[in-house]
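The structure appears right after this line, and notes come after that.
A short reminder: the numbers here are calculations on the coordinates, not readings from a lab. Being a predicted model, the structure only gives us computed values, none of them experimental. Because the Cβ atoms are built from the backbone with ideal geometry, glycine has one as well, and the counts that use them run over all protein chains shown.
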Amino acid sequence: MITHSNDILLEGLGTLEPYAPIAGVLLYPFIFRDSGHFQRVFQGPVGRALLTEIGTESHRHIVGVGYRGERYLTSNKKIHGLADLRGMKTRVPPLKMSIRTWEMLGAKPVPMGAPELYFALRQGVLEGAEVPFNYIEDFKLFEVQKYVVEGGLSYGAMGFMFEEERFRALPAAVQSLLTEEGERVMDAATTRMKLQEVQYMEVLRQKGIVVLTFDRNAFAARLAPLINEFPEMARWVKAIETVH
């Protein structure tokens, strides 16, 4: 994740799952009610405690949390209910929580990095992709997909990551400066991303993409047993859900 050639990395915090399994809770389905709830969680004691635990497990020092946006499903067929997902070859990030979520929804998740996405969709290796919203524009997925299913299943969180030992070796004044500026930048990034989500949606509609809704109640009911497979996350799921 962080090598001697990288003292700092800006990345999605869910990618720490291989080093800190508890980080998978950040992609737990329907854990955040909306972007406002996301912000309240990470601006309060629950979010700070969660980041501390993730950092301790992964030996990383995390500075700031930015809203990366809702994650969306792209497709070349209309998706409204669970039946429409059955057997659908869907790109997901190579993380246990994402893979298991889409398996339970009936899809056939295919872990894949972003650079291969466009060609896999164009060649029919994949039928859809579960991605952060900006990927649809940045990687021109709108050229090879017809539909975007509204988000809300999960939200992305990003932040600055340092190797803990290296961060603690820095002078106290430098640590304070990095922390203060890192949090300021992530707050600004959150505001910007919330505006960009609206802009991205309008741009995609102009490009001919059709935005679909899905049966949230049916999806939530199907995913309800997921917590039984990740019992170590139950306390964090409950803690986040109780933030108002």
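Annotation: amide H-H contacts under 5 Å for Met112 (H modelled 1.01 Å from N, sequence separation of 5 or more, or interchain): Val92. Listed by chain and number, the lysines placed with their C-alpha closer than 28 angstrom to that of Lys194 are Lys77, Lys78, Lys96, Lys140, Lys146, Lys207, Lys238; residues fewer than eight positions away on the same chain are left out.
May I ask you to list the residues of the range 57-79 whose amide nitrogen lies under 18 Å from a point 7 Å from Cα along the Cα→beta-carbon direction of Val125? From the range 57-79, the list is 74-76.
Centre-to-centre, using Cα atoms only, the range 186-244 and the range 1-53 are separated by 14 Å. Evaluated at q = 0.14, 0.18, 0.24 Å⁻¹, the base-10 log of the normalised Debye intensity for the range 31-119, with identical point scatterers placed on the Cα atoms, takes the values -0.71, -1.00, -1.19.
Quote the FRET efficiency, to the nearest 0.05, computed for Gln43 versus Arg86 with a Förster distance R0 of 51 Å and r equal to the Cβ-Cβ distance. My answer for the efficiency is 0.80. Within the chain, DSSP assigns beta bridges of which about 70% are antiparallel (rounded to the nearest 5). A straight chain from Asp138 to Ala224 at 0.36 nm per residue would run longer than the Cα-Cα distance by 27.7 nm. The tail of the calculated P(r) for the chain beyond 25 Å holds 43 percent of all Cα-Cα pairs. Springs join every pair of Cα atoms under 10 Å in this Gaussian network model of the chain, and among Lys207, Lys96, Lys146 the largest mean-square fluctuation is at Lys207. In terms of the Cα gyration tensor, with a ≥ b ≥ c the square roots of its eigenvalues, is the range 34-76 rounded because a/c is under 1.5, prolate because a/b exceeds b/c, or oblate? Because a/c hits 1.5 or more and a/b fails to exceed b/c, the range 34-76 counts as oblate. Only alpha carbons enter this Debye calculation for the range 1-81, each as an equal point scatterer, and the log10 of I(q)/I(0) it gives at q = 0.19, 0.20, 0.22, 0.23 Å⁻¹ is -0.90, -0.97, -1.12, -1.19. Stretching Thr242 away from Arg205 to a fully extended chain increases their span by 9.8 nm, per 0.36 nm per residue minus the current alpha-carbon distance. Modelled spin-label separation between Tyr19 and Val185, with each label point placed 7 Å from Cα along the Cα-to-Cβ direction: 1.7 nm.
Given their separation in residues at 0.36 nm each and the Cα-Cα distance between them, Val198 and Asn217 gain 4.4 nm when the chain is fully extended. Dividing the summed helix terms, -39500 (n - 2.57) for each DSSP H run of n ≥ 4, by the number of residues in the chain produces a 222 nm estimate of -13000 deg cm²/dmol to the nearest 500.
Applied to the range 80-91, the Karplus parametrisation 6.51 cos²θ - 1.76 cosθ + 1.60 on θ = phi - 60° returns per-residue 3J(HN,Hα) values of 10, x, 4, 4, 6, 8, 4, x, 6, 6, 10, 5 Hz, with x for Gly and Pro. Could you work out the relative contact order of the chain, using alpha carbon pairs under 8 angstrom and six or more residues apart, expressed as a whole percent? Computed value for the chain: 32 percent relative contact order. If R0 equals 35 Å, the separation of the Cβ atoms of Ile8 and Asp34 corresponds to a calculated FRET efficiency of about 0.70. Taking Cα centre as origin and charging only the Cβ of basic (Lys, Arg, +1) and acidic (Asp, Glu, -1) residues, the dipole magnitude of the chain rounds to 780 debye. Given axes a ≥ b ≥ c from the Cα gyration tensor, I'd like to know whether the range 133-244 is rounded (a/c under 1.5), prolate (a/b larger than b/c) or oblate. Verdict is oblate for the range 133-244.
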